[in-house]
Amino acid sequence: MRADAERLEWIEIPGDHEVRAFAQAVREGLGASPKFLPCRFFYDEEGSRLFEAICELDEYYLTRAEREILEREAASLAARFTGPVTLIELGSGNAAKTRLLIEAFLRNGAELRYVPVDVCRTALQDSCRALLRDFPPLKICAVAAEYWHALKLLPPAAGRKLVLWLGSNIGNLDRPEAVRFLRCLAQDLGSDDRLLLGIDLRKEASTLERAYDDSQRVTAQFNRNLLARINRELGGHFDVSRFAHRAVYREDVGRIEMYLVSEARQTVRIDALDWEVAFLEGEEIHTENSYKYSFEEIDELADAAGLRIEARWLDRHSRFSLNLLRAVR
């Protein structure tokens, strides 16, 4: 990306930080009872590739539903902003849907700076390279970090600010943590700034469980990649074929839960930790929650975080919501 150096700024935490954090999380999570692994570690290079494949699956409606809303509303959303605009995106991935907003802002004559935040350095590099090629007026400041670290690294915004948190990524946080994180975002929003928040809606268990346990088993590969990542980065000796993928919807708390289930009694060594982990047959590793919200729960979430909903848009099947929020002062 040397040719675009004047249009690209790069911010990241030291390269060995993520390796140390991963090792610590593996030690803590697999040493706990019940066992768990934090879902943010899904997104190494292979995990990001698999997630892009998941987004194309018939069963995984979330991406199509959100894209439908953006295709319909991007122009009117961009028209709400005048002057220079800083577009900050948490969990940017390949920025495929974000292109719709970038196009709309540039078409509207905005001086636009895009600040993508992603934990996967490779995905961030690839998306920045493509965006700089396709949008010559665009300037980018890329932040390679997970959410909480990224909040401390974000550059000062020029002009008005629109923060994007799409894909229902908020669903990976439990409800109190979602409030805490949104409150931090709200504190950094000026009176003219806005937050665009994608939230998946509560619906029947069969639709949700198919979305997280697809017929082509791509989500199963994505889930097992956590163990493959331990093998690659920490010298683990997992036979990933001996762990089954499980996704279940719990209506009482409104969340999908994902697990890796040991199919046999086994012991696995992790060289970098000089440690052996014992598994019982049928023992689970909890790898992800994905919370779903009712409209009332979205309103309560916003209110608890010091935010107000200015607009809400749904896809034509009312499966997914995009919510435009402002901070309450």
Which listed residue is farther than 26 Å from His245 by Cβ and without any contact (Cβ under 8 Å) to a residue 60 or more places away in the chain, from Ala25, Ala95: Ala95
For segment 111-121: of the residues being over 14 Å from Ala150 (Cα atoms) and buried (at least 22 other Cβ atoms within 10 Å of the Cβ), which is nearest to the chain's Cα centre (by Cα)? Tyr114
Out of all the residues in segment 36-53, which are open to solvent by 20 Å² or more (accessible area, probe 1.4 Å) and either among the acidic types (Asp, Glu) or more than 24 Å from Trp148 (Cβ to Cβ) (or both)? Glu45, Glu46, Arg49, Glu52, Ala53
Only one of these is within 30 Å of Pro156 (Cα to Cα) and within 19 Å of the chain's Cα centre (by Cα): Arg224, Arg183, Arg229. Name it. Arg183
Filter result for Phe181 (among the aromatic types (Phe, Trp, Tyr), under 30 Å from Ala278 (Cα atoms) and assigned to a helix (DSSP H, G or I)): no
I want to confirm something. Restricting to segment 37-95 and keeping residues that are assigned to a loop (DSSP other than H, G, I, E, B) and among the charged types (D, E, K, R), which single residue is nearest to the chain's Cα centre (by Cα)? Asp44
Answer from Glu251, Glu263 - the residue that is open to solvent by 60 Å² or more (accessible area, probe 1.4 Å) and in contact with a Phe, Trp or Tyr (Cβ under 7 Å, 6 or more places away or on another chain): Glu263
Which of the residues that make up segment 121-174 are without any contact (Cβ under 8 Å) to a residue 24 or more places away in the chain and closer than 30 Å to Glu257 by Cβ? none
Over segment 284-305, the set of residues of a type outside the set (Asp, Glu), surrounded by fewer than 18 Cβ atoms within 10 Å (Cβ to Cβ) and more than 24 Å from Tyr61 (Cα to Cα) is Ala304
Hey, Leu124 open to solvent by less than 20 Å² (accessible area, probe 1.4 Å), within 19 Å of Trp313 (Cα to Cα) and either in a strand (DSSP E or B) or not polar (S, T, N, Q) (or both) or not: no
Report, ordered by the first and then the second residue, all pairs with beta carbons closer than 9 Å, sequence separation of six or more or different chains, a first member in segment 291-310 that is more than 14 Å from Leu322 (Cα to Cα) and aromatic (Phe, Trp, Tyr), and a second member that is part of a helix (DSSP H, G or I) and open to solvent by less than 10 Å² (accessible area, probe 1.4 Å). Tyr291/Ile170; Tyr291/Gly171; Tyr291/Ala178
Is it the case that some residue within segment 209-227 is in a loop (DSSP other than H, G, I, E, B), free of Cβ contacts under 8 Å to residues at least 24 places away in the same chain and either buried (at least 22 other Cβ atoms within 10 Å of the Cβ) or out of contact with any helix residue (DSSP H, G or I) (no Cβ under 8 Å at 6 or more places or on another chain) (or both)? no
Looking at (1) touching a Pro at 6+ places or on another chain (Cβ under 9 Å); (2) open to solvent by less than 20 Å² (accessible area, probe 1.4 Å), which one does Ala158 not meet, given that it meets all the others? (2)
Does Ser33 qualify as being over 18 Å from Leu234 (Cβ atoms), open to solvent by 40 Å² or more (accessible area, probe 1.4 Å), free of Cβ contacts under 8 Å to residues at least 60 places away in the same chain and in a loop (DSSP other than H, G, I, E, B)? yes
Is segment 54-75 home to any residue that is touching a helix residue (DSSP H, G or I) at 6+ places or on another chain (Cβ under 9 Å), within 22 Å of His149 (Cα to Cα) and open to solvent by 10 Å² or more (accessible area, probe 1.4 Å)? no
With open to solvent by less than 10 Å² (accessible area, probe 1.4 Å) and out of contact with any Phe, Trp or Tyr (no Cβ under 7 Å at 6 or more places or on another chain) as the only criterion, which of Ile270, Ile199 stands out? Ile270
Looking at Ala186, Ala150, which one is under 18 Å from Leu324 (Cβ atoms), in a helix (DSSP H, G or I) and open to solvent by less than 60 Å² (accessible area, probe 1.4 Å)? Ala186
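The values are calculated or read from the model by the stated rules, or taken from the named source; none is laboratory data. Source: prediction; values computed, not measured. Methodologically, a virtual Cβ is constructed for each residue, glycine included, from the backbone with ideal geometry; neighbour enumeration extends over all protein chains shown. For accessibility, only protein heavy atoms count, side chains too; no ligands or nucleic acids. Shrake-Rupley method; radii C 1.70, N 1.55, O 1.52, S 1.80 Å.
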